[in-house]
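Peer 1: Below is the structure I would like to discuss, written out as structure tokens.
The values are calculated or read from the model by the stated rules, or taken from the named source; none is laboratory data. Remember, it's a predicted structure, so these values are computed and weren't measured experimentally. Quick reminder, even Gly has a Cβ in these numbers, built from the backbone with ideal geometry, and neighbours come from all protein chains shown. For the accessible areas, the whole protein counts, side chains as well, though only heavy atoms, and no ligand, DNA or RNA atoms are used. Shrake-Rupley method; radii C 1.70, N 1.55, O 1.52, S 1.80 Å.
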Amino acid sequence: MIQITEAAQAHFRQLLAEQPLGTQIRVYVSYPGTVQAECGVSYCPPEAVTAEDQSLPFEGFVAYIESPMLPFLQQAVIDFVTESLGSQLTIKAPNAKLAKVAADAPLFDRVDYFLQATVNPQLAGHGGRVTLVEITEAGGVVLQFGGGCNGCAMVDVTLKEGIEKELLAHFPELTGVQDVTEHQAGEHSYY
């Protein structure tokens with residue numbers, strides 16, 4: 001679930017010692033499952049705890065999380081880092097923007113998650129993205145490119161040498177990848 005490092009736990013205990021008795025912490029995600037997703041930690045007074053909260057006990061405090069946020073906080077790490085310029089609390093939550101899917105989820109969902117979590121961050125460096133349109137009965141993946149990838153001269157290389165190889169390596173049941181984008185070159189395209 002969530003990992004709170006020893007340094008972060010000590011930081012929380014120190015902060016909570018200065019708060020009213022019974023105050024704990026809440027870990028949250030604003031705009032979960034979107035590109036605007038942001039993770040944070042706030043104080044949680046006793047009256048703010050609800051029946052749908054999940055409680056995670058730590059030495060000296062409890063971290064509360066609203067149950068619907070749990071998939072977005074899978075594999076999250078909260079740390080307190082001290083460097084030469086000062087200290088800061090860091091939160092790394094790889095699933096905040098896109099909730100992780102289960103290993104036994106439908107193939108479409110697993111492939112879509114892989115594209116959103118692994119492929120699109122690589123394409124974003126060029127202003128591009130890819131969307132899963134469908135998976136055919138024969139195991140073919142149908143994709144549509146957007147952003148800077150639409151009209152890019154290297155789209156065929158990206159499709160066959162990049163995306164297809166990654167997908168086939170991760171999903172042996174797939175047979176290939178097809179692009180259905182009507183590419184139009186323009187100023188938006190990356191060259």
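Peer 1: Has segment 143-155 got any residue that is modelled with pLDDT of 90 or more and either among the aliphatic types (A, V, I, L, M) or under 30 Å from Gln14 (Cβ atoms) (or both)?
Peer 2: Pass one, segment 143-155, residues modelled with pLDDT of 90 or more: 143.
Pick out the ones that are also either among the aliphatic types (A, V, I, L, M) or under 30 Å from Gln14 (Cβ atoms) (or both) and you get 143.
Within segment 143-155, one or more residues are modelled with pLDDT of 90 or more and either among the aliphatic types (A, V, I, L, M) or under 30 Å from Gln14 (Cβ atoms) (or both).
Peer 1: So, one more: Being out of contact with any helix residue (DSSP H, G or I) (no Cβ under 9 Å at 6 or more places or on another chain), of a type in the set (Gly, Ala, Ser) and surrounded by fewer than 13 Cβ atoms within 10 Å (Cβ to Cβ) is the filter here; which residues of segment 103-138 pass it?
Peer 2: Gly125, Ala138
Peer 1: Is there any pair linking a residue in segment 44-64 that is more than 16 Å from Pro20 (Cα to Cα) and free of Cβ contacts under 8 Å to residues at least 12 places away in the same chain to one that is of a type in the set (S, T, N, Q) and open to solvent by less than 40 Å² (accessible area, probe 1.4 Å), with Cβ under 9 Å and at least six apart or on different chains, and which?
Peer 2: Ser55/Gln24
Peer 1: I'm told Val141 meets every condition in (1) open to solvent by 20 Å² or more (accessible area, probe 1.4 Å); (2) over 20 Å from the mean Cα position of the chain (by Cα) except one. Can you identify the failing condition by its number?
Peer 2: (1)
Peer 1: So, of the residues in segment 88-97 that are of a type in the set (S, T, N, Q) and in contact (Cβ under 8 Å) with a residue 12 or more places away in the chain, which turns out to be least open to solvent (accessible area, probe 1.4 Å)? Walk me through how you get there before you give the answer.
Peer 2: Step one: of segment 88-97, the residues of a type in the set (S, T, N, Q) are 88, 90, 95.
Now narrow it down to the ones that are in contact (Cβ under 8 Å) with a residue 12 or more places away in the chain: 90, 95.
Working: Thr90: 33, Asn95: 1 Å².
Among those that are of a type in the set (S, T, N, Q) and in contact (Cβ under 8 Å) with a residue 12 or more places away in the chain, it is Asn95.
Peer 1: In addition: What residue, among those in segment 53-81 that are hydroxyl-bearing (Ser, Thr, Tyr) and open to solvent by less than 50 Å² (accessible area, probe 1.4 Å), is farthest from Ala10 (Cα to Cα)?
Peer 2: Going residue by residue through segment 53-81, those that are hydroxyl-bearing (Ser, Thr, Tyr) are 55, 64, 67.
Filter once more, keeping what is open to solvent by less than 50 Å² (accessible area, probe 1.4 Å): 64, 67.
On the way: Tyr64: 17, Ser67: 25 Å.
Taking the candidates together, the pick is Ser67.
Peer 1: Restricting attention to segment 9-25, does a residue exist that is surrounded by 15 or more Cβ atoms within 10 Å (Cβ to Cβ) and of a type in the set (Gly, Ala, Ser)?
Peer 2: No - not one qualifying residue is present in segment 9-25.
Peer 1: The conditions are (1) in a loop (DSSP other than H, G, I, E, B); (2) open to solvent by 80 Å² or more (accessible area, probe 1.4 Å), and Gly151 fails exactly one of them. Which is it?
Peer 2: Checking Gly151 against (1) in a loop (DSSP other than H, G, I, E, B); (2) open to solvent by 80 Å² or more (accessible area, probe 1.4 Å), the one that fails is (2).
Peer 1: Also, I was wondering about something else. How many of the residues making up segment 2-33 are on the phi > 0 side of the Ramachandran plot and in contact (Cβ under 8 Å) with a residue 24 or more places away in the chain?
Peer 2: Qualifying residue count for the region: 2.
Peer 1: Among Lys165, Lys160, Lys100, which is the only one that is more than 21 Å from Gln36 (Cα to Cα), surrounded by fewer than 16 Cβ atoms within 10 Å (Cβ to Cβ) and at pLDDT below 90?
Peer 2: Numbers: Lys165 fails: at pLDDT below 90; Lys100 fails: more than 21 Å from Gln36 (Cα to Cα).
From the options Lys165, Lys160, Lys100, the qualifying one is Lys160.
Peer 1: Can you find, within segment 168-191, the residue that is modelled with the lowest pLDDT among those that are open to solvent by 60 Å² or more (accessible area, probe 1.4 Å) and of a type in the set (Ser, Thr, Tyr)? Working first, answer last.
Peer 2: Taking segment 168-191 first, the residues open to solvent by 60 Å² or more (accessible area, probe 1.4 Å) are 168-170, 172-173, 175, 178, 180, 182-185, 187-188, 190-191.
In the following step, the residues that additionally are of a type in the set (Ser, Thr, Tyr) were identified as 175, 190-191.
On the way: Thr175: 95, Tyr190: 45, Tyr191: 41.
Looking at the filtered set, the residue picked out is Tyr191.
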